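What follows is a single structure, written as structure tokens, with notes after it.
The values are calculated or read from the model by the stated rules, or taken from the named source; none is laboratory data. Computed from a prediction, not measured in an experiment: that's the story for all the values here. Here the Cβ is made from the backbone with ideal geometry for all residues, glycine too, and neighbour counts use every protein chain on show.
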Amino acid sequence: MNKPNVAFSVLTSRISDGDVTTLRSCLLNKLCSANESDENGQTLLMVAAQHGQVAIVNELLAHGADVNAEDVDNWSALTNAAKCGFKEVLIKLLDHGADIEHRDMGQWTPLMWASYKGHYYVVKILLEHGAVVNVVDKNHCTPLIWAAGRGFLEIVEALLERGAKVYSSDKYGTTPLVWACRKGYTEIVHLLLEAGANVDTAGMFSWTPLLVATKGNYASIVNMLLEHKPNVNAVDMDGCTALSIACKEGYTEIAKALMSSGAYINLQDRNGDTNLIHASKSGHYSIVDALIRKYADIDLAGGDGKTALYWAIEKGYVDIVRLLLSANPNCEVATKDGDTALLKATRNRNAEIVQLLVEKKCRVTAADKKGDTALHIAMRARSKAIVEILLRNPKNSQLLYRPNRAGETPYNIDSNHPKSILSQIFGARRLNTNEDSENRLGYDLYSSALADILSEPSLNMPISVGLYAKWGSGKSFLLKKLENEMKSFAIQWIEPMFEFSRLVYLIILLLSFTIGLIFILCTKKWILGAYVTAGVFILSIIFLGSVIYCNKHYDISWMYQLSLYLANQLNSLRTLLFVIFCSPPAIKSDTETDPVRFIFTEKTKVTSSGTQTSVLHIVTF
């Protein structure tokens with residue numbers, strides 16, 4: 001382009017004022033040409049069109065200005081007039097032969113610019129002059145897409161009347177309906193639906209009209225779409241349905257509408273989270289209640305092993321925890337780390353939730369992968385309120401002396417602290433008189449209390465327990481119950497249970513390779529040997545995992561005996577390996593507890609005192 005002269009520069013600065021006289025003088029005196037342009041190719045006619053100066057446009061056209069001249073961006077005077085919305089200038093340019101389908105560098109026509117900017121009358125004029133209504137730009141967007149996405153209702157109506165394709169889409173597949181739903185333009189959505197728009201077309205990120213309307217919490221649009229029977233279970237790129245989004249964001253009205261329209265309640269997204277998990281995690285009580293009433297699977301865990309109950313506990317939503325517990329969930333579902341609902345509530349030091357879980361009969365004996373029970377965790381956290389809740393049932397007092405994998409017991413953890421929790425609540429602990437043992441004359445309750453006292457490590461041995469009662473009062477039965485309670489307390493040391501360890505995996509691996517090698521030597525087929533090796537390894541893991549699971553969750557006698565046998569054999573092998581490789585034992589911490597074993601003997605001594613005869617029943621350990 002040539003460098004513009006001084007007159008051109010002066011004129012461009014005076015055009016906004018509509019100074020026709022100066023322009024006419026320059027043109028008549030040939031100080032500049034009507035088609036002269038600056039270094040960007042912009043002509044005086046383009047500048048006049050930008051500012052809506054009809055008189056100047058007429059003067060330039062009268063002096064032969066090129067109505068279809070382009071600048072470096074391929075913009076024409078008509079493009080500028082359409083973008084800026086000057087209908088008089090637009091009409092004048094069209095009357096002088098301006099190209100109505102002229103495209104700029106982005107392939108935008110004047111109609112597209114007018115639709116994008118919302119200039120209704122400009123759009124109407126262009127359509128009356130025969131502008132192509134379904135023209136597309138380089139991103140495959142149409143005037144209807146821009147008008148619908150920017151909320152220009154009148155323009156949408158005009159375009160539809162001229163035959164705009166309601167199912168057109170951009171390069172990502174996003175239709176005008178998706179754009180209108182995303183922005184919440186209810187009237188435009190209604191127009192598009194009446195024109196036959198497809199309610200299930202998915203655009204960018206797999207978004208359907210229903211999904212984007214739900215994301216924006218546009219309940220009226222959602223209800224409008226539901227009347228046209230869309231796929232309510234369509235998912236986006238994250239695997240979320242419209243119901244998942246509503247549950248996550250707390251859009252109760254939309255969630256209930258979707259459930260009433262047949263949305264799947266228990267669908268999981270890519271992370272494995274269900275709608276109930278989303279609602280519980282975000283604390284939306286009313287949605288949780290609605291999902292439960294629709295029979296949502298309360299025990300379905302997400303990809304991380306966390307259930308809706310676990311998430312509610314983690315976030316501290318007591319009201320939601322209470323609501324979920326009313327639906328009788330499985331409180332023993334564990335995460336990948338072995339955490340149960342009670343363990344998580346204890347870690348969070350939420351005594352109210354712990355109380356709710358204990359009342360719901362959650363297993364206080366449940367332990368995580370480190371062997372820590374709720375009592376271990378509460379003792380470390382120095383939470384007196386939770387410890388007291390856990391120990392209200394005397395049978396749970398046995399857990400004070402139950403070691404974790406590091407050999408620590410709750411009792412030792414507490415005793416190593418300057419301010420003991422047990423000393424504060426000992427003797428003042430309330431007994432749970434509502435236990436089922438009350439139906440058995442309280443024997444379980446009393447025997448548990450006695451076992452708790454007799455298991456106190458600070459007592460000196462031997463200890464004699466004497467029961468004085470009338471004949472037929474059941475003292476013999478109570479002593480037997482006491483013996484059973486103390487045996488149950490000591491069983492964790494006497495009878496170790498089988499668990500996975502590195503040694504177990506190593507043994508299985510060696511066994512698998514050995515069997516596979518035998519098959520290779522016998523059949524001369526390497527592939528068969530590889531399959532046998534993999535098969536033996538996988539089946540062994542499944543079998544041993546089943547033994548561990550059944551032993552923890554079910555009372556199966558032969559499974560218990562098998563677990564005990566495997567644990568004893570493994571301990572023997574471990575001891576043998578320590579001896580062979582001269583591996584010294586690790587130094588025990590102060591919180592570790594030595595194994596306890598109770599030995600019971602019975603002696604009877606009859607003495608006479610006056611008219612009464614007493615029988616002394618001694619239990620020595």
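Structure data summary
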quantity: Filtered residues of region 55-92 (kept if within 16 Å of ILE15 (Cα to Cα) and buried (at least 18 other Cβ atoms within 10 Å of the Cβ)); calculated: ILE56, VAL57, GLU59, LEU60, LEU61, ALA65, ALA77, ASN80, ALA81, CYS84, PHE86, VAL89
quantity: Residue satisfying condition, being within 21 Å of MET237 (Cα to Cα), surrounded by fewer than 19 Cβ atoms within 10 Å (Cβ to Cβ) and either of a type in the set (Ser, Thr, Tyr) or modelled with pLDDT of 95 or more (or both), within set ASN275, ASN266, ASN271; calculated: ASN266
quantity: Some residue of region 285-293 being within 15 Å of LYS360 (Cβ to Cβ) and touching a residue at least 12 places away in the same chain (Cβ under 8 Å); calculated: no
quantity: Selection status of ARG150, charged (D, E, K, R), modelled with pLDDT of 95 or more and under 42 Å from the mean Cα position of the chain (by Cα); calculated: yes
quantity: Region 8-55, subset within 60 Å of the chain's Cα centre (by Cα) and charged (D, E, K, R), residue nearest to LEU78 (Cα to Cα); calculated: ASP38
quantity: Some residue of region 184-202 being within 14 Å of LEU243 (Cα to Cα), touching a residue at least 12 places away in the same chain (Cβ under 8 Å) and part of a loop (DSSP other than H, G, I, E, B); calculated: no
quantity: Considering residues of region 158-205 that are aliphatic (A, V, I, L, M) and at pLDDT below 95 only, the residue nearest to HIS140 (Cα to Cα); calculated: MET204
quantity: Subset of region 115-159 [buried (at least 21 other Cβ atoms within 10 Å of the Cβ) and not in a helix (DSSP H, G or I)]; calculated: HIS119, ALA131, VAL133, CYS141, THR142, PHE152
quantity: Selection count, region 345-356, where residues are buried (at least 18 other Cβ atoms within 10 Å of the Cβ) and within 17 Å of PRO410 (Cα to Cα); calculated: 2
quantity: Top-ranked residue of region 177-198 - restricted to ones that are more than 20 Å from LEU211 (Cβ to Cβ) and among the charged types (D, E, K, R), ranked as surrounded by the most Cβ atoms within 10 Å (Cβ to Cβ); calculated: GLU187
quantity: Hits in region 246-256 (condition: among the hydrophobic types (A, V, I, L, M, F, W, C) and either surrounded by fewer than 21 Cβ atoms within 10 Å (Cβ to Cβ) or closer than 14 Å to LEU276 by Cβ (or both)); calculated: ALA246, CYS247, ALA255
quantity: Tabulated pairs, region 63-91, first farther than 25 Å from ARG24 by Cβ, second among the acidic types (Asp, Glu) and surrounded by fewer than 17 Cβ atoms within 10 Å (Cβ to Cβ), C-beta under 9 angstrom, 6+ apart or interchain; calculated: VAL72/GLU39
quantity: Contacts under 9 angstrom Cβ, first residue in region 167-182 being under 14 Å from PHE205 (Cβ atoms), partner buried (at least 24 other Cβ atoms within 10 Å of the Cβ) and at pLDDT below 95, 6 or more apart; calculated: none
quantity: Selection status of THR174, at negative phi, surrounded by 22 or more Cβ atoms within 10 Å (Cβ to Cβ) and among the β-branched types (Val, Ile, Thr); calculated: yes
quantity: Any hit, region 161-180, residues being out of contact with any Pro (no Cβ under 9 Å at 6 or more places or on another chain) and of a type in the set (A, V, I, L, M); calculated: no
quantity: Among the candidates ALA381, ALA406, residue that is modelled with pLDDT under 90 and of a type in the set (A, V, I, L, M); calculated: ALA406
quantity: Qualifying residue in region 383-394 (condition: among the hydroxyl-bearing types (Ser, Thr, Tyr), in contact with a helix residue (DSSP H, G or I) (Cβ under 9 Å, 6 or more places away or on another chain), within 25 Å of LEU323 (Cα to Cα) and not in a helix (DSSP H, G or I)); calculated: no
quantity: Condition check for SER261: surrounded by fewer than 20 Cβ atoms within 10 Å (Cβ to Cβ), within 17 Å of LEU211 (Cβ to Cβ) and either touching a strand residue (DSSP E or B) at 6+ places or on another chain (Cβ under 9 Å) or in contact (Cβ under 8 Å) with a residue 12 or more places away in the chain (or both); calculated: yes
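Table: residues versus (1) part of a helix (DSSP H, G or I); (2) farther than 27 Å from LYS256 by Cβ.
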{"site": "SER280", "(1), (2)": "yes, no"}
{"site": "LEU291", "(1), (2)": "yes, no"}
{"site": "ASP297", "(1), (2)": "no, no"}
{"site": "ALA301", "(1), (2)": "no, no"}
{"site": "GLY305", "(1), (2)": "no, yes"}
{"site": "ALA312", "(1), (2)": "yes, no"}
{"site": "VAL321", "(1), (2)": "yes, no"}
{"site": "PRO329", "(1), (2)": "no, no"}
{"site": "ARG363", "(1), (2)": "no, yes"}
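Yes or no, residue by residue, for (1) modelled with pLDDT under 95; (2) of a type in the set (Val, Ile, Thr):
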site: THR22; (1), (2): yes, yes
site: LEU28; (1), (2): yes, no
site: SER33; (1), (2): yes, no
site: SER76; (1), (2): no, no
site: THR79; (1), (2): no, yes
